[in-house]
Every structure is written in C-alpha cells, then in structure tokens.
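Below is one structure, written out as structure tokens, with a few remarks after it.
The values are calculated or read from the model by the stated rules, or taken from the named source; none is laboratory data. This structure is a prediction, so every number in the text was calculated from the model and none was measured. Note that each Cβ is placed from the backbone with ideal geometry, even for glycine, and that neighbours are counted across all protein chains shown. Surface areas here come from the heavy atoms of the whole protein model, side chains and all, with no ligands, DNA or RNA. Shrake-Rupley method; radii C 1.70, N 1.55, O 1.52, S 1.80 Å.
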Amino acid sequence: ERPSDAVSPVGLVLAPTRELCLQTAEVARRVASHTAPAAPRAYVPRSASLAAGGAGRCSEVSCGCVVGGVDFHRQRDELLAARPRLLVATPGRLLSLCGIPPASSRARQQLLSPPSKSLPGAAEEEAEAACRLDGVEMLVMDEADRLLELGFEEDLAAILSLVRGGGA
C-alpha cells in the first residue's frame, strides 16, 4: 500500500489488553449507532470470534479494533478495507500497523527466543505502514497506569510522536 492509502483515524483509544480493546470497540459501536444517521458497523478482527460486527463498510462513524494475537496480514487487510474513523488498539499491534517495530515486541522476543531466531509474526514489523496517526484529533489511554505497568512506555512515546505529526 502507498502511504496515501493508509488508514488515518480521527479518534484513537489505546488499551493494554486484547480483551479490553474488543470490549471498548463493541461499546463504541453501540454508542455510535445512536449518533449517526446510518448505523455504523464495527470492524473487529474476524479471527477474534466476536459475534457482533465484522468487517463493514466505512460509514459516518466507524470503529476499528486492532490487537495482537490475531493474524497480522488478515487484520491489516480488513483494517484497510473498513477504513475506520475511530480506532481501538493495543500499542504493539498499532505500531506494527504503522510500520514501526514495537519496543514491547522486541523486548518479548529477546526474553523468549535466542538472538538468532525470531518469533512467529516478526515479519509484521517489516510490513509497510497501513495506518497513519497524524490525523488523530482525540487520543484516549484506557487504563494508562496498566499500560505503563505492562511495559508499554516506549511504545506509547512512539505513538505520541506519530500523533503529534510524526507521520508513519
């Protein structure tokens, strides 16, 4: 994808866990359905087995959810197709979708595997950017204390630099 094809959400919600992201995306979808003329459909990864939502067409208000532990390439393709205006994400997966290797993944890889081997899914860090954050107008850090406790400080700093117009 060319950088101009990248998704550029207006709202961004960061949460520390996959489960919290999925719950937040579902609540956002329900709230948005009462605020938009046409009921939006949430983009939730199909492989996340969440009954509601599914990849839907972008509407006036649309919500996407990107989390680790789900096939990266499939999630990337679904995100590009849905083009949500509100994105709920875990920090590591968001950075991967912005084309930046997350510090949290690098640290985990160093702990779990010998230096000569890479973890499955490490190729996602080499993927071209599918998401830009320089259009974000509202940023929410849900359970910010937990994001820091879980070691996302470097990832959050990288995300903030992208939100402030650093591109990606």
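Results, tabulated for the structure shown:
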read-out	value
Subset tally (residues that are open to solvent by 10 Å² or more (accessible area, probe 1.4 Å) and more than 14 Å from Pro9 (Cβ to Cβ)) for the stretch 80-91	2
Flag for Ser96 being outside any loop (DSSP other than H, G, I, E, B), surrounded by 15 or more Cβ atoms within 10 Å (Cβ to Cβ) and at pLDDT 95 or above	yes
Residues (surrounded by 14 or more Cβ atoms within 10 Å (Cβ to Cβ) and among the aliphatic types (A, V, I, L, M)) located in the stretch 140-159	Met141, Ala144, Leu147, Leu150, Leu156, Ala158, Ile159
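Results for (1) at negative phi; (2) at pLDDT 60 or above, shown as yes or no for each residue.
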residue: Pro45; (1), (2): yes, no
residue: Gly54; (1), (2): no, no
residue: Leu86; (1), (2): yes, yes
residue: Pro115; (1), (2): yes, no
residue: Leu119; (1), (2): yes, no
